[in-house]
């Protein structure tokens, strides 16, 4: 069966399940964000400022495990099929949430988050599954649905986690475990394999590692290398929000898990609106280069607001202004794909994934350290917004580098 355009339709059942899997994963991750500071402070018997430093390394351990194991799970799925890897990942994620729910110490919490990072690396397998079942001409719009799933999960997860966490900080982990377990059982009965046996290849440790992706960075051309630098600086700048938002808002405003979750839900809703309604229109009106300039400019202004935001209303103003920073990454990716040859698009995306993972590994502990040094009774100078000053400098450097790399193709800068 084909559509009117002669292109085979995407199987709705498997696609819906994959989208649901991604949505459940993101919700499961978002559930724990509002309550993690409370659990870290309780297990470590430390104040919120010290908990931020510990929490930064917990986030880093999750990201590092995901960074290391994404190519491993991808290789396993090429060798044994997507279905067993996806089901095992869901089961592993459920187990990690159960461990956190009953964790008696910070050491156990670290182990559980590493396990969650390993199983969370299945996003590469989910992407591969979509590639298996989707005709090339439909892949862009199908992958766009993953972005919607991420936005919805980020909007719903923290809100649910904050609401449940206000009753008991451990309960969101039980909910996340239950969601992952139910999704695994549904997949066991309903998810078909997408990779036929004749398209599989033996597992090879030499291919299932990050070295290949890192090597691609040295092969990028001059202009692409500059844009990759812009991408890295920008992605590192936004880690100040991803890494310490829960801690700094609890410290500055005394927000409960519900208040933190509500603010992150606001972020998720804005992300859906910007990515779903504004990116395409902005690129059509301004071109990719000016759209990226606009996104970074608004993001930099938001960090200025966060730096001075001693009242919750200013924090929400910063979130509103900063939502326009969502224009940046899609525009940068369009600029880079335009400058890369057709046979190097996969290498480019692999290099960008490596850069993104590195910022997730480096950013949270860096910003958490800065926050811990400028807050609490032992602060060298009481300026709890100082992490955002670092983001201002990083985003400003990204803006400067991008403005020096104006494309010669008028279609990209108009």
### Task
Output the residues belonging to the stretch 284-329 that are at pLDDT below 90, surrounded by fewer than 21 Cβ atoms within 10 Å (Cβ to Cβ) and under 23 Å from the mean Cα position of the chain (by Cα).
329
#### Entry: Lone qualifier among 264, 270, 227 - being modelled with pLDDT of 85 or more, closer than 29 Å to residue 15 by Cα, in a helix (DSSP H, G or I) and in contact with a helix residue (DSSP H, G or I) (Cβ under 9 Å, 6 or more places away or on another chain)
270
### Message
Residues that are at pLDDT below 75, assigned to a helix (DSSP H, G or I) and within 23 Å of residue 256 (Cα to Cα): does the stretch 153-165 have at least one?
### Response
yes
### Query
Tell me, which residue of the stretch 366-414 that is part of a loop (DSSP other than H, G, I, E, B) and over 30 Å from residue 47 (Cβ atoms) is modelled with the highest pLDDT?
404
#### Entry: Selection count where residues are modelled with pLDDT of 85 or more and over 22 Å from residue 395 (Cα atoms), scope the stretch 244-261
7
### Task
Starting from residues that are out of contact with any helix residue (DSSP H, G or I) (no Cβ under 8 Å at 6 or more places or on another chain) and within 18 Å of residue 76 (Cα to Cα), keep the ones in the stretch 161-203 and report whichever is surrounded by the fewest Cβ atoms within 10 Å (Cβ to Cβ).
198
### Query
Quick check: is even one residue across the stretch 237-251 free of Cβ contacts under 8 Å to residues at least 24 places away in the same chain and outside any helix (DSSP H, G or I)?
no
### Query
Does residue 356 satisfy the criteria of being assigned to a helix (DSSP H, G or I) and either in contact with a strand residue (DSSP E or B) (Cβ under 7 Å, 6 or more places away or on another chain) or at pLDDT 85 or above (or both)?
no
### Query
What do you reckon, is residue 363 in a helix (DSSP H, G or I), over 19 Å from the mean Cα position of the chain (by Cα), modelled with pLDDT of 80 or more and buried (at least 19 other Cβ atoms within 10 Å of the Cβ)?
no
### Residue that is nearest to the chain's Cα centre (by Cα) [pool: residues in the stretch 63-88 that are at pLDDT 85 or above and crowded, with 21+ Cβ neighbours inside 10 Å]
86
### Message
Can you pull out every residue in the stretch 3-26 that is under 17 Å from residue 85 (Cβ atoms) and either exposed (fewer than 14 other Cβ atoms within 10 Å of the Cβ) or at pLDDT below 70 (or both)?
### Response
none
### Task
Answer yes if at least one residue in the stretch 317-334 is in contact (Cβ under 8 Å) with a residue 12 or more places away in the chain, over 25 Å from residue 393 (Cβ atoms) and part of a helix (DSSP H, G or I), and no otherwise.
yes
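The values are calculated or read from the model by the stated rules, or taken from the named source; none is laboratory data. What you are looking at is a predicted structure, and each value in this text was computed from that prediction instead of being measured. Methodologically, a virtual Cβ is constructed for each residue, glycine included, from the backbone with ideal geometry; neighbour enumeration extends over all protein chains shown.
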